[in-house]
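Okay, so here's the structure we're looking at.
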Amino acid sequence: MSSLHATRKTSKSYKAISVCLWVSLLFSLVTFVLYVSDSSNFDHVFSFVKSGYMFFFVALYSYLTWRWVKTPSAIIKPLFWISLLEIVTLQWGQWNIGLNPFSVIGVAFAFEQVLVSVNIIAIALLGFTWRNKQKLAIAE
């Protein structure tokens, strides 16, 4: 059992998922700090909701990164679904529709009324999580 756990920690997909989680945490944290440090953002009640939403994702990525370091096999399935839901974000006017619209790192396609953002880190995280999930299924 110990050798299986050590093998997981040295695999390429484990390291790649770790890097994706740390980068997502870093960008979420930087986005949150930059938004909160600008006092002009807090002129109406929706700004407080937006900052709370941003803080939620900083806390979520902190938790996911911590759980990935401690028990990677227990977090594979939730990580897979979260990364699947984060792939596309739609922005229509001031409204953002997507799981994490504030730290999207990827490609944006602008149409007349709608902006579609594709999150590259979420796609990579989804692929590496799927690969790690398949390896765990084969190992069992």
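The values are calculated or read from the model by the stated rules, or taken from the named source; none is laboratory data. Keep in mind it's a predicted model, so treat the numbers as computed, not measured. Cβ placement follows ideal geometry from the backbone for every residue including glycine, while neighbour counts extend to all protein chains displayed. Keep in mind that these areas ignore ligands, DNA and RNA; they rest on the heavy atoms of the full protein, side chains included. Shrake-Rupley method; radii C 1.70, N 1.55, O 1.52, S 1.80 Å.
Restricting segment 32-84 to residues that are among the charged types (D, E, K, R) and more than 16 Å from the chain's Cα centre (by Cα) leaves a set whose member that is farthest from residue 21 (Cα to Cα) is 43.
In this structure, does residue 83 turn out to be buried (at least 17 other Cβ atoms within 10 Å of the Cβ), in a helix (DSSP H, G or I) and touching a Cys at 6+ places or on another chain (Cβ under 9 Å)? Considered against the rule, which asks whether it is buried (at least 17 other Cβ atoms within 10 Å of the Cβ), in a helix (DSSP H, G or I) and touching a Cys at 6+ places or on another chain (Cβ under 9 Å), residue 83 comes out as yes. When residues in segment 105-120 are screened for being within 21 Å of residue 15 (Cβ to Cβ) and open to solvent by 60 Å² or more (accessible area, probe 1.4 Å), 1 of them pass.
Figure legend. Inter-residue proximity from segment 121-140: first residues over 14 Å from residue 13 (Cα atoms) and open to solvent by less than 70 Å² (accessible area, probe 1.4 Å), second residues at pLDDT below 85 and part of a helix (DSSP H, G or I), beta-carbon distance below 7 Å, spacing 6+ or different chains. Indicated pairs: 139/4.
Output the residue which, of all residues in segment 86-104 that are in a strand (DSSP E or B) and touching a residue at least 24 places away in the same chain (Cβ under 8 Å), is least open to solvent (accessible area, probe 1.4 Å). Among those residues, the one meeting the criterion is 89. Determine whether residue 46 is assigned to a helix (DSSP H, G or I), open to solvent by 80 Å² or more (accessible area, probe 1.4 Å) and either over 20 Å from residue 129 (Cα atoms) or not charged (D, E, K, R) (or both). Yes: the conditions hold for residue 46.
Checking the stated criteria, residue 82 turns out not to satisfy the condition of being free of Cβ contacts under 8 Å to residues at least 40 places away in the same chain, among the β-branched types (Val, Ile, Thr) and over 22 Å from residue 116 (Cα atoms). Tell me whether segment 62-72 contains one or more residues that are modelled with pLDDT under 85, out of contact with any helix residue (DSSP H, G or I) (no Cβ under 8 Å at 6 or more places or on another chain), not aliphatic (A, V, I, L, M) and not in a helix (DSSP H, G or I). No, because not a single residue in segment 62-72 is modelled with pLDDT under 85, out of contact with any helix residue (DSSP H, G or I) (no Cβ under 8 Å at 6 or more places or on another chain), not aliphatic (A, V, I, L, M) and not in a helix (DSSP H, G or I).
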